[in-house]
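This report concerns only the one structure given below.
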Amino acid sequence: MNTTASQWESQLEIPGRVTFQDGQGELPTVELRTPWSEAEIYLHGAHVTHFQKQAEPPLLFLSKMSRFEAGAPIRGGVPVIFPWFGPRAGQPAHGFARLQDWELKEITLAVDGTTGLRFRLPDGPEGGGYPPFTADYTVTVGEQLVLQLSISSRAPDRELTFEACLHTYFAVGDITAVEITGLRGADYLDTLEQFARKVDADDAIRIAAEVDRVYADTPATVEIVDQVFRRRIRVAKEGSRSTVVWNPWVAKAQRLADFGNDEYLQMVCVESGNIGPDQITLAPGQTSTLQVTLSSAPL
């Protein structure tokens, strides 16, 4: 049963800092304000749909065509991908975590104004094919946006194997004036060429056609240099060895029902996680934590 914004509000609202609304599709949202920034998070998928620092454009892209309804993913922001990445026969693409309503378990207020929210994925039949686990997701909003996904194995005698990814959509002024750095020399699978294995030999990725690459063994920081918005976005991560770079370009954008035909010009996905050969296997009682810190600075 869905929780309404009014039910949350009476228990958890902090005037001027943390407020609760019925968002698009009447899905409940949490809105946060800090001395540096503002953010919006949907309970549906524990999905961060907005983060914006003062005097800057939004950091995250959200499609105007996105569906906001139970059982459908939100197009844009930061989808939480778990426990598998990509298609799976008879199952929803990218797992079930982004399609479920998460429970808001805790709000943390720091003295400096930074605000953290901890969500938990409730147990449900969707996870029946996996050993018991706990999935906690903490979103910390301040001068930076810090996202931390922790998966714990609760099985007494079985290993837990999964993929996880924070599928971040970044807002850019014009994709043709963007460079992505930090991946030179890395191996990647080109999904547009039957997963051909290649090596990135360029100082920077410049996008002028559809791009869908899965980089393996890439724990280092990646940067997005945006000449139109005159800013540099840093994607720093811990506990992540995979990086995905995606832009649908013209033809794919037109095929996506929940994506505007020209919106590929205003976004790029740089995703952090552990997928494919970097998938995680936990012994009973172990925990794996993926943390991504998103920050920006003027050029």
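Bear in mind that the values in this text are calculations on the coordinates, not laboratory data. These figures come from a predicted structure and were not determined experimentally. Cβ coordinates were reconstructed from backbone atoms using ideal geometry, including for glycine residues, and neighbour counts include every protein chain displayed.
See the values below:
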{"read-out": "Long pairs among 64/237; 53/237; 198/237; 53/198, criterion Cα-Cα beyond 26 Å", "value": "64/237; 53/198"}
{"read-out": "Histogram of C-alpha separations across the chain, 5 Å bin width, %", "value": "1, 5, 12, 16, 19, 18, 14, 9, 4, 1, 0"}
{"read-out": "Qualifying chymotrypsin sites (Phe, Trp or Tyr not before Pro) in the stretch 116-208, DSSP loop, other Cβ atoms within 10 Å at most 13", "value": "195"}
{"read-out": "The stretch 170-284, Cα convex hull volume normalised per residue, Å³", "value": "122 Å³"}
{"read-out": "The chain: most fluctuating residue of 211, 111, 250 per GNM, C-alpha cutoff 10 Å", "value": "111"}
{"read-out": "Residue-averaged 222 nm ellipticity for the chain, from DSSP H runs of 4+ at -39500 (n - 2.57), nearest 500", "value": "-1500 deg cm²/dmol"}
{"read-out": "Hits among aspartates and glutamates - C-alpha to C-alpha of residue 105 under 16 Å, sequence gap 8 or more where chains match", "value": "9, 13, 31, 123, 136"}
{"read-out": "Whole-Hz couplings from phi, Karplus 6.51/-1.76/1.60, listed for the stretch 267-284; x for Gly and Pro", "value": "8, 8, 9, 10, 10, 10, x, 9, 9, x, x, 9, 4, 9, 10, 10, 6, x"}
{"read-out": "Relative contact order [Cα under 8 Å, 6+ residues apart], the chain, whole percent", "value": "16 percent"}
